[in-house]
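Report on the following structure.
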Amino acid sequence: MSLTSTLFHSFSNPKCPISSSSSSSLPRSATDFAASSQALTGIRFPRTIGAGLALDSKTMVVLIGTGLTLALLGPESAAATAAATELQSLGASSLQFNEPQNALSLPTWAIHVSSVVEWITAMALVWQYGEKSGNESWKGLSWGMVPLLGGAFCACTWHFFYNSESLEVLVALQAILTAVGNATMCIAAFRIYKASQERSSKL
């Protein structure tokens, strides 16, 4: 027989020892109900609060920890996180530049600038070699590299203004300077060759 049927039978049967007792012995609260159930079924119930929450130390720790977690990580913190994310996105968008699609990336700019710097360094080294070696024809090679440097500046200038159609003349100028520079470097290399032949013949 279940606990509910036992209690119903006990309270409804006037001959039952429990129902024949005074009205003060009837269960008046959840605690009295647990005590009466324990007497009938032999099951040990812990002390309860209100509707039967166990007053156990581990249970109270779990409940308090859950409440603090919900208070700290609840909807308010989620809203704060969403607001912070929105502010970051707004700040990032305000710092972004509206560049066209044909704008050069940072690595591409690094290659362009480093190439120009390397070319200037090569011109300086060739000039110094001509001075220290006593062969002035090497200085001519340094001068022959100047048109190609001008072509590089034309290309960087055109890219700096996002390949503007109004500056397409720079593209043509770069092509002309590249052709001239190749020719002048070829002439300078030939002069270096001739100078080396003359010096070797004198030795």
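The values are calculated or read from the model by the stated rules, or taken from the named source; none is laboratory data. Here the structure is a predicted model, which means the values were calculated and not measured. All Cβ positions, glycine included, derive from the backbone under ideal geometry; neighbour counts span all protein chains shown.
Structure summary
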| quantity | calculated |
| --- | --- |
| So W127, is it at pLDDT 95 or above, part of a helix (DSSP H, G or I) and among the hydrophobic types (A, V, I, L, M, F, W, C) | yes |
| C156 vs. criteria in a helix (DSSP H, G or I) and in contact with a His (Cβ under 7 Å, 6 or more places away or on another chain) | yes |
| Number of the condition not met by N163 [criteria: (1) part of a helix (DSSP H, G or I); (2) surrounded by fewer than 18 Cβ atoms within 10 Å (Cβ to Cβ)] | (1) |
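One line per residue, one yes/no per condition, for (1) closer than 30 Å to Y193 by Cα; (2) touching a Cys at 6+ places or on another chain (Cβ under 6 Å); (3) free of Cβ contacts under 8 Å to residues at least 40 places away in the same chain:
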| residue | (1), (2), (3) |
| --- | --- |
| L104 | no, no, no |
| H112 | no, yes, no |
| A122 | yes, no, yes |
| L125 | yes, no, yes |
| G130 | yes, no, yes |
| G134 | yes, no, yes |
| S137 | yes, no, no |
| G140 | yes, no, no |
| L148 | yes, no, yes |
